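Below is one structure, written out as structure tokens; the observations come after it.
The values are calculated or read from the model by the stated rules, or taken from the named source; none is laboratory data. All of these numbers come straight from a predicted model, not from anything done at the bench. Here the Cβ positions follow ideal geometry from the backbone for every residue, glycine too, while neighbour counts run over all protein chains shown. Heavy atoms of the whole protein, side chains included, go into the accessibility calculation; ligands, DNA and RNA do not. Shrake-Rupley method; radii C 1.70, N 1.55, O 1.52, S 1.80 Å.
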Amino acid sequence: MAMKENVYRLYPNLGYWLMLFIPLVFTGFYFTYFTKLDFSPTMIHAHFILMGIWMGMMIIQPLLIRYRQVRLHRSLGRLSYFLVPVLILVTYWVLKNGYATQITSLESDLAQGIAPYTEAEGRIVIAAYNALAFTYIFWLIVFYGLAISFRKQSSIHARFMIAAALTFMGPTLDRTLFFWFGLETLGFGIPVETLAFVINDLIILILLLQDFRKGKKSWPLLIALGLYLTVQIGYFTLTKTPAWEEFVNFILN
């Protein structure tokens with residue numbers, strides 16, 4: 001039987017570990033955002049600012065628990081009820097606008113006879129390109145939703161928030177590897193985004209094994225690991241299919 005956990009000792013250094021995402025954000029978005037500040041659309045700025053606030057909250061919240069500022073932790077947490085839905089909506093707008101631009105470019109290339117694909121093939125390629133964003137947004141929505149659902153059960157809440165925080169890994173690490181090191185694959189045709197997937201899986205697995213060893217609540221991390229792995233399998237097997245293209249077109253068009 002799992003013993004009741006001391007919330008102050010649950011993950012005392014989590015906030016400090018999450019600070020590692022700060023340099024990853026800078027390196028990952030240096031070429032695509034920081035060097036193009038004067039040319040980025042307003043909604044891109046809004047998306048980046050909202051994401052920055054969300055990351056800041058993810059760092060501060062566990063530190064507030066560490067230093068026994070529970071009331072402030074709860075008050076700040078309530079702001080996320082507004083922040084996260086707005087962040088999701090703005091992210092959706094960015095994806096929708098980007099998708100429309102990509103489809104328009106494809107149609108222009110087809111009209112000029114310079115497209116390397118047929119229209120059907122091009123749409124599948126575009127849908128697959130957007131699959132990674134869908135993947136991380138899905139994880140964020142699910143794990144944040146679960147964390148809020150169990151906000152009154154701190155041990156469960158904290159574990160789902162860790163799973164939500166790990167959604168920063170892909171967008172930052174993938175861009176860093178691609179734009180700074182020119183990596184599209186890790187070798188042997190393995191996509192570069194696989195590294196972030198594996199790191200996230202290993203982090204959850206290590207925490208899960210610790211829970212098993214200490215007899216603590218392990219089912220939240222078991223769910224998190226299962227959902228991470230399931231979606232990753234779907235990402236590698238389904239996102240280059242006509243069915244996925246139809247789904248993306250329905251959502252974004």
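Kyte-Doolittle cut-off 1.0, length cut-off 30 Å along the helix's own axis using Cα: show which whole DSSP H helices in the chain pass.
Qualifying helices: 42-66, 193-214.
Obtain the nm distance between the two label points defined at residue 5 and residue 69 by a simple spin-label model: each point lies 7 Å from its Cα along the Cα-to-C-beta direction.
Here the answer is 2.2 nm between the modelled labels.
Which of these, 200, 130, 13, has the largest mean-square fluctuation under a Gaussian network model of the chain (Cα springs below 10 Å)?
Of the options given, 13 has the highest mean-square fluctuation.
Can you give me the relative contact order of the range 1-160 as a percent, contacts being Cα pairs under 8 Å and 6 or more apart?
It comes to 23 percent, rounded to a whole number.
Give me the percent of accessible area attributable to carbon and sulfur for the chain, probe 1.4 angstrom.
68 percent
Compute the separation of the alpha-carbon centres of the range 24-48 and the range 134-171 and state it in Å as a whole number.
25 Å
For the range 90-125 and the range 180-199, what is the separation of their C-alpha centers, rounded to whole Å?
24 Å
For the chain, what is the accessible area per residue in Å² when the probe is 1.4 Å?
It amounts to 57 Å² per residue over the chain.
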